[in-house]
Amino acid sequence: GRGGPSLPRCRGPRLPHVPSPHRSYSKQRAAIEREYGQALQRLASQFVKRDWHRGRSDAGDSRSALAVWKGVIEGTAHAGQVRVTASESYRALAAEAARTTRLSKERMLKKGIERLQKAQAELLETVKELDKAKKQFTHLQRSSEVAKDKAADVEARLRKSDRRIFHTKASLQKLSAKFSARLAEHSRQLAGVQNEYGFALVSATAHLEHYRRVELPAAIQALDGDLYERLREHLSAASRTEVETCWATRDWFQGVVEASARVCREQDLLIFLQDHPAFALAPEQRFQLAGVEEVCLLPPGDDGASLEKEARRWATRVARDRKNKAHSEEVLQWLEARRQQVPEAEAAAMERRMEEARENIRKAEVSRVKAEARLALLRAAGLDVDAWLAGAMVGAGEEAPAGLDLAEFDDYEDSDELDEDNEPGPAARTYPYTCRVIFGYQGCQADELSIAQGEELEVIEDGDAEEWVKARNKAGQIGYVPEKYLLSLGSEAGVGAGPPGPSALHRQLSSIMAAELVLEPGAWLVRALYDYEGQSPEELSFPEGAIIRVLPRAPGEVDDGFWTGDFDGRIGVFPSLVVEELTGAREAAGQELPSPSPPPFSPPGLVPGTSLAPSPSPETPLGGECRGGGLGRG
C-alpha cells in the first residue's frame, strides 16, 4: 500500500482495580463472621447457664438425649468461636490487600509508563522516517512526470516542424535535449528514493508488529506486576479459611449426628430412673373391696340384678370391643394406604379420620380391659363366664363386617361407653315419654304391640327383658315393642315428666345406629327441626320431629340445598336447613366401602334375608323373630 500505518491511540495506562473489591469483600465478610460467631456464642451461653444438665449418668452415655443436646449446645459455641477466628483471618486478608496495593501502585505505574512511552517514542520516530521517505518519493515522482510530459511535447513539435513564432528548430532541439537530460536524472533519483521508501515502509511495518507483539504486552505485564500472584494468594487464603471453618463445624457435629442415632427411649428412661429414684416404678397397686369378702350369687328373681345378667352383659361387651378394635384397625390401615393418594385439600379430613380411628382403638382396648376384669370377678364368684363369652364371640363372629365402613366408628364414645358406666337402672328412667317408630314390627305374642314406621308411641314403663319397653299407641293399645325400633322425641306434653335421661339418650343413639342397618349405601336419616309444608307437588311436607330417610345423590350431583328423601312412603325433595342429621352415613357416602356391619346391639330379631334397601313403609312392617328367640324377654 502507499499509505502509512495507523498508530494506536494511548490515553495513558490504567492501573488494575481488582484488589479493591476483594479488600471490600474481606472487610465485610470479617464483620459478618464476627457478628455471626458472637451471636452463636451468646445463644449457646444462654442454654449452658440453664440448669438442664444435672443428671449423674447421662454425661458418660452418648445414648442419652441430654448428652446429645449438650453436644449440640457445645458445638454451637465451638462453631461461634470458629467463626470469630475466621473473621480475624478475613480482616488480616483485607489489611494485607490494602497494604500491598498501596505500596506497589505508584511503583508499577511509574515503571510501566516509562517503558510504554519509550517504546511508543521509538515507534513514532520510525513512522516519521517513513513519512519523510514517502514525501521525497512522491515529490520526485511528480517532477519526473512533469519532465516527461515536457520532453514529449518538444519531441512532438520537432516532428511536426511546429516551431511557432518564438522558437526555431535549433531552440526546440536544445529544449528537447535539456528535458531528456532532466528526465534521465529524475529517473535515476526516483529509483533511489523509491528504494529508500520501500526500505522505510517494511522497517516501519516490522517495528509496529514488534511493538504489538513484544513491547505492548511487556508494558501491560509491567503494569500488572505481581497482581495475579497476590490475587491467587488472597483467593486461596479466603477459600482455605472457609474450608477450615466448615470442616471444624462438620467434624464436631458429625459426632453429634452419630450420637443422635444411638438415642433410644429405653436407655434414656433407664438413665432418668437411675438419677431420680423418686420416679422408680412402684409396686403394683390394686383396689381392694372395703367390707365385702366376695361377690354373692343372687337368685334370678332379684329384679334384674342377677349375676347371670351381668355375665351376659360383659361377655357381650368383650366380644363387641374386640370386634370394634379389629374393625378400627382395618379402617386405620385402609386410611393409611389412601393417605398418599388423596388430594392436599382432603388431607386434613383424612388425618382427622385416622385420629378418630386411633382413638376408637384406644377406647375399645380400655373398655375391653375393664369388662374382662368384671368377668374375672364373676368367674371367681363361680359363674360359667366362659360359656357366655364363647356364645358372645360366636355372635360377634357372625356379625363380622364384610368390609370397612368409616361411619361406624365416627363416635365410639356414644355407641360404646354410655351403656357401661352411665346407664342407670330401671328406677332411674322417667316415664312416660314420646317416641317415633323407625322400623315397623309385627307382634308375634299376645303381649306384644304391632307398630308401623312413622307411628308415634308413648313409652310408659320398662320391659320385662333387655331392649324391650312397654308402649301405648294412639288407639290406646298397650304392649311390648323393641326399644331399638324407636327414636325418642322428648317428654309428653302435659304429663309433667322431664325429658328422657341418659338411658333414653343411649336408647335414642342406639336406635339411630340400628337404623343404618336398613339404609342403602349413601343414605342417612334426618329429623325435622320445624314443621314444613311443601311449596310444590315435588316437595315433601312433614311435621316437627319427623324422621326422614335421605336418599343418596347421583355421582357428580351438586348439593343445591335441597335433598331427596322418603317420608311415610312418599319420595320428594325438601330444604336441608329445616332438618338435622341423625346418622353418620352421609360422611361415609363418598367412601368406596362396603355396607356396615350391624351395631353391637342390633334391633332384635331381624329375619335373615330381609331387604336392606329402602326402609319399609308403614303398610309393610319389618318382620322379625319374637321375644322367645335368641333375644327374647324370657
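Coordinate-derived values only; no laboratory data. The model shown is predicted, which means the values in this text are computed figures rather than measured ones. Glycine also receives a Cβ, built like all others from the backbone with ideal geometry; neighbour counts cover every protein chain displayed.
From most to least packed by mean Cβ count within 10 Å, the peptides 235-245, 23-33 give 23-33, 235-245. Panel order for F562, F567, by other beta carbons found within 10 Å of each beta carbon, from fewest to most: F562, F567. Cβ-Cβ distance of V369 and T85, R₀ of 51 Å, FRET efficiency by 1/(1 + (r/R0)^6): the value works out to about 0.25.
Which of the pairs K309/K363; K309/K484; K132/K178; K110/K134; K111/K135; K111/K134 have their Cα atoms more than 27 Å apart in this structure? Checking Cα-Cα distances, K132/K178; K110/K134; K111/K135; K111/K134 exceed 27 Å. When you count the other C-beta atoms within 10 angstrom of each residue and take the mean per peptide, 176-185, 527-536, 447-456 line up highest first as 447-456, 176-185, 527-536. Note on R265 and A278: the model spin-label points, each 7 Å out from Cα along the C-beta direction, lie 2.4 nm apart.
Estimated from the Cβ-Cβ distance and a Förster radius of 41 angstrom, the FRET efficiency linking R338 and E461 is about 0.25. Sorting 434-442, 358-366 by their mean Cβ neighbour count within 10 Å, with the most densely packed peptide first, gives 434-442, 358-366. Full extension of the chain segment joining D131 with D447 gains 99.4 nm, where the gain is 0.36 nm per residue of separation less the Cα-Cα distance. By the count of other C-beta atoms within 10 Å, a proxy for reagent exposure, K370, K470, K49, K128 are ordered fewest to most as K49, K128, K370, K470.
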